[in-house]
Amino acid sequence: MSQNVYDDPVFFEGYSQLARSLKGLAGAPEWPALRALLPDVKDLRVVDLGCGFGWFCRWARENGAAHVLGLDLSAKMLARAKAETSDGAITYQRTDLEQLALEEGSFDLAFSSLALHYVEDLGRLLATVHRGLAPGGWFVFSIEHPIFMASRRPEWMTDPEGRRTWPVDSYQLEGKRTTHWLADGVVKHHRTLGTTLNALLRQGFTPRHVEEWGPTDAQLAAHPELVEERDRPMFLLISAQR
């Protein structure tokens, strides 16, 4: 079973204060780039893997999706998602992605935002998603970039001259990374970029776009604090087709 850190009171309180929790998709700097990878969602059957507070589920319906299924392991996240949703075409369900089951060909779009790096058995999950998509269906997702999460100590280092660098160590040593992020003992699963792409290919997906996200000039003008994201990629965005 996956680690359910989002139901930890300390973690949940900290997560609830993040910009992406308070402002939704508008508070996620990678959202414009991720949105650009999506097909037209009008009339599509959509599943959101790791739906959190349901921001994307509601966006998909507002843009014409026929039905949206939001899946998450966290009871606290789902409780808030349900409280903020008044749309009978959106369904929320508590599900461990490690044990995900989808009916064959039941969806046209599978979406996931910053959830798959918590999944240990990625191959099983990708096989399930592939089976659950109709022919030609889309899988669009974001994860923490492997350069961002590979290090045993993922934090900026400052040299004697005051220059900051992001450490990249243990990159080829895939597997668990236990870090402090909002709470101690948060477990993620590091995989190289090649491993992730080859896992998609192995399950029959055709990658359509791969983006190592960084802020645009316009984003930097509005949010100068994002400049450090040009020194190392924090997010990896991928769209693939069944």
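The values are calculated or read from the model by the stated rules, or taken from the named source; none is laboratory data. Predicted model, so just to flag it, every value in this text is computed and none were measured. FYI the Cβ positions are ideal-geometry reconstructions off the backbone, even for glycines, and counts take in every protein chain you see. Just so you know, the surface numbers come from the protein's heavy atoms only, side chains and all, with ligands and any DNA or RNA stripped out. Shrake-Rupley method; radii C 1.70, N 1.55, O 1.52, S 1.80 Å.
Residue check, ARG20 against (1) crowded, with 21+ Cβ neighbours inside 10 Å; (2) of a type in the set (Lys, Arg); (3) under 18 Å from ILE143 (Cα atoms), all met but one. Which one?
Unmet condition: (1).
Take MET149 and decide whether it is more than 26 Å from TRP31 (Cα to Cα) and either without any contact (Cβ under 8 Å) to a residue 60 or more places away in the chain or open to solvent by 20 Å² or more (accessible area, probe 1.4 Å) (or both).
no
Can you tell me which of (1) at pLDDT 95 or above; (2) surrounded by 15 or more Cβ atoms within 10 Å (Cβ to Cβ); (3) not acidic (Asp, Glu) is the one ALA101 doesn't meet?
The single condition ALA101 does not satisfy is (2).
Give the residue, chosen from VAL186, VAL210, VAL168, that is open to solvent by 30 Å² or more (accessible area, probe 1.4 Å) and more than 21 Å from LEU38 (Cα to Cα).
So the residue among VAL186, VAL210, VAL168 that is open to solvent by 30 Å² or more (accessible area, probe 1.4 Å) and more than 21 Å from LEU38 (Cα to Cα) is VAL168.
Give segment 104-140 a look and list any residue that's open to solvent by 10 Å² or more (accessible area, probe 1.4 Å), more than 26 Å from TRP181 (Cα to Cα) and in a strand (DSSP E or B), or say none.
PHE107, ASP108, ALA134, PRO135, GLY136, TRP138
Just to be sure I understand the filter: pairs with C-beta atoms under 7 Å, separated by 6 or more residues or on different chains, first member in segment 210-236 and within 21 Å of LEU114 (Cα to Cα), second member of a type outside the set (Asp, Glu) and exposed (fewer than 15 other Cβ atoms within 10 Å of the Cβ). Which pairs pass?
GLY214/ARG230; PRO215/ARG230
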